[in-house]
Structure formats: C-alpha cells, structure tokens
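This report concerns only the one structure given below.
Here, each number is a calculation from the coordinates, and none is a lab measurement. Fair warning: this is a prediction, and the values are worked out from it, not measured in the lab. No Cβ is skipped: glycine too gets one built from the backbone with ideal geometry, and neighbour counts run over all protein chains shown.
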Amino acid sequence: MLPHDALWPRAGDWPAPAAGERADVAIIGMPTFRTSLSPTQAQLTPGAVREAVRRYSLETPLRIVDAGDAVDPDGTDASAWVAAVDARVVIAIGGDNAATVGVALGRWGSAISSAGLVTVDAHHDLRDGVSNGSPVRQLLHAGLDGHRVTQVGIEPLANSAAYRERARAAGISVVNRDVLHSRSIAEVMTEALDRAAAAGGPVHVDLDVDVCDRSVAPACPASVPGGITASELRAAARAAGAHPAVTSVDITEVDASADAPDGRTVRLAALCVLEIIEGVAQR
C-alpha cells in the first residue's frame with residue numbers, strides 16, 4: 001500500500017458507468033487465457049494492472065469509467081458485451097492476445113468493412129484455428145480488409161516464411177523491428193494509423209507487450225531479447241490514444257503471475273493505460 005499524500009492524487013479507482021452517460025474513456029478487463037498456445041495465468045492481469053495504475057498520477061478533465069471484466073471473455077458473446085460499453089474510446093486490459101478479437105469486433109460492429117487495425121506486436125498472429133496466435137487471421141476472416149492493417153515491431157526470427165506470405169497476400173503492411181532503429185515509433189504509428197483510417201471507419205490498436213525486449217517484459221511468454229523499449233511502447237500507446245479514428249486499444253499478453261519481483265511488466269502495462277488516456281486528452 002502506497003502512503004497517502006493529499007498533494008499527489010493517484011490514478012485509478014474510476015467509477016462504474018452511469019446509465020445514459022457516454023464516457024470519454026472506458027476501462028474494461030478482458031481476462032482471456034483459455035486458448036493460449038503456452039501455459040498462462042493472464043486472466044490475473046486485469047486486476048494486477050488496475051492495482052499498478054494506483055502507483056501513478058493522472059490529471060485530466062476526461063470522464064473515465066471502469067466497466068469491470070467480461071464474464072466470459074473467451075466466449076462467443078464477448079464482442080456483444082464490449083459493444084454495450086458506451087464510450088468514445090475503450091481500453092481493454094488482457095488477458096492474452098485472444099482478447100483482440102472480441103474487443104475489435106465489438107467496437108467495429110457493422111462498420112467492419114471500413115475498419116482498420118494496427119498491431120504493435122513481435123508476431124503476425126496469422127495462425128490457423130482459434131487461439132492467442134490467430135487474432136489477425138480471425139479478424140480478416142470476419143471481413144477486415146488487410147490493406148488497412150499494419151503490423152509494427154514484427155521480429156522476423158520469431159515468425160516464419162509461411163506467415164510472412166500470409167501477411168503479404170492479405171495486403172498487410174509490415175514494419176519489422178529493425179526499421180525502428182532508424183525511424184521513431186511515433187512517426188511509424190502516425191503512418192500506420194492514417195492507413196488504418198483511410199476508409200473513414202473505426203480503428204482498433206493491439207498493444208501486445210511481447211513486442212518489448214525481454215528485459216522489460218519478462219511476464220510475456222513470447223517476448224524476445226532485442227524487442228522494442230518500454231519508452232517506445234509507451235509512445236505507441238500515446239499515439240494510439242491521440243488519433244481521432246481510434247475507438248479501442250487493447251493491452252495483451254502479460255501474465256502477471258510470471259512477472260519479475262519488481263512487477264516491471266505489469267507496471268509498464270499500467271503506464272500504457274495512462275499514456276492512451278493522455279493521448280485521448282490531446283484530441
């Protein structure tokens with residue numbers, strides 16, 4: 001428990017949604033874990049991130065609410081639950097990457113034909129079947145146009161030629177990790193978000209924390225040495241929040257039970273929540 005300081009109000013502990021009132025930002029928990037390709041307790045992460053948010057401060061005029069956790073986030077009704085949340089922007093705390101499907105579909109609704117997607121992720125997520133390794137493929141099958149999908153931070157050595165070909169064939173724009181050594185992630189995100197919004201529809205952003213270097217994201221089972229920095233992920237989160245077409249952002253693939261003793265991965269996820277909100281306030 002942090003000591004109380006009347007001169008330093010902390011973030012978090014946001015109220016539940018009020019009937020008939022549209023929030024600027026709604027926090028939701030999507031504790032998906034049942035289809036994970038690796039053992040995980042990612043269902044513990046929404047609660048851990050909410051607790052970690054209280055370490056930090058946030059001074060904003062925005063109306064922020066916390067709509068709680070989806071009861072069956074891995075189920076087929078998850079998107080309907082998300083669709084019922086009334087807010088300009090929904091921030092979904094996962095859970096593994098399976099959370100992306102329910103959140104994106106719930107927010108897009110019938111506008112999927114004009115929707116766009118940006119993933120900040122080390123992996124293409126184009127596997128067959130239903131798992132945390134297939135959300136992008138599932139969204140393409142649901143009707144998302146691959147020409148409005150950009151994948152930022154892809155690690156070629158953690159993917160395969162077959163999945164690279166699937167991305168190419170679908171029209172997906174891929175920005176490999178190496179590109180971010182010479183270009184700022186803020187610049188890359190601006191281009192990716194504009195591309196995703198090109199048809200005038202809603203944009204979803206997937207922040208898969210395993211895109212980060214393993215030293216800053218040990219609680220992500222698939223994070224690799226040489227991933228992006230914590231600062232780069234935070235910059236991507238703020239860029240997502242600031243873009244006017246973005247209606248939802250998820251933060252996924254953190255297993256709170258596998259974090260370092262200092263809780264660095266969960267704390268990074270919590271800071272991403274706040275960066276998104278700060279971005280929304282800039283609109």
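In this structure, residue 55 and residue 199 have a Cβ-Cβ separation that, at R0 = 35 Å, corresponds to a calculated FRET efficiency of about 0.35. For residue 280, the shell of other residues with beta-carbons less than 9 Å away shows a net charge of 0, using +1 for Lys and Arg and -1 for Asp and Glu. What FRET efficiency, computed as 1/(1 + (r/R0)^6) with R0 = 51 Å and r the Cβ-Cβ distance, is obtained for residue 111 and residue 181, rounded to the nearest 0.05? About 0.90, to the nearest 0.05. Highest average first, the peptides 126-132, 258-264, 181-187 ordered by how many other beta carbon atoms sit within 10 Å of their residues are 126-132, 258-264, 181-187. In this simple spin-label approximation, residue 62 and residue 158 carry label points 7 Å from Cα along the Cα→Cβ vector, and these lie 2.7 nm apart. Taking label points 7 Å from Cα along the Cα-to-Cβ direction, residue 83 and residue 147 give a separation of 2.7 nm.
Using mean Cβ contacts within 10 Å as the protection proxy, how do 106-113, 2-9 order, highest first?
Descending packing order for the listed peptides: 106-113, 2-9.
Taking a span of 15 Å or more along the helix axis (Cα atoms) and a mean Kyte-Doolittle hydropathy of at least -0.5 as the rule, the DSSP H helices of the chain that qualify are 185-196, 230-242, 264-281.
Tally Lys and Arg at +1 and Asp and Glu at -1 over the other residues with C-beta under 11 Å from the C-beta of residue 224: what net charge comes out? Charge balance near residue 224 sits at -1. Answer with a single label: of [x] 20.5; [y] 22.3; [z] 18.3, which was calculated as Kirkwood radius over Cα pairs in Å from the structure in view? Among [x] 20.5; [y] 22.3; [z] 18.3, the one calculated here is [z]. Report the local net charge at residue 48: Lys and Arg +1, Asp and Glu -1, summed over other residues whose C-beta lies under 10 Å from its C-beta. With Lys, Arg at +1 and Asp, Glu at -1, the neighbours total -1. The label-point distance for residue 231 and residue 260, in a model that sets each label 7 Å from Cα toward Cβ, rounds to 1.7 nm.
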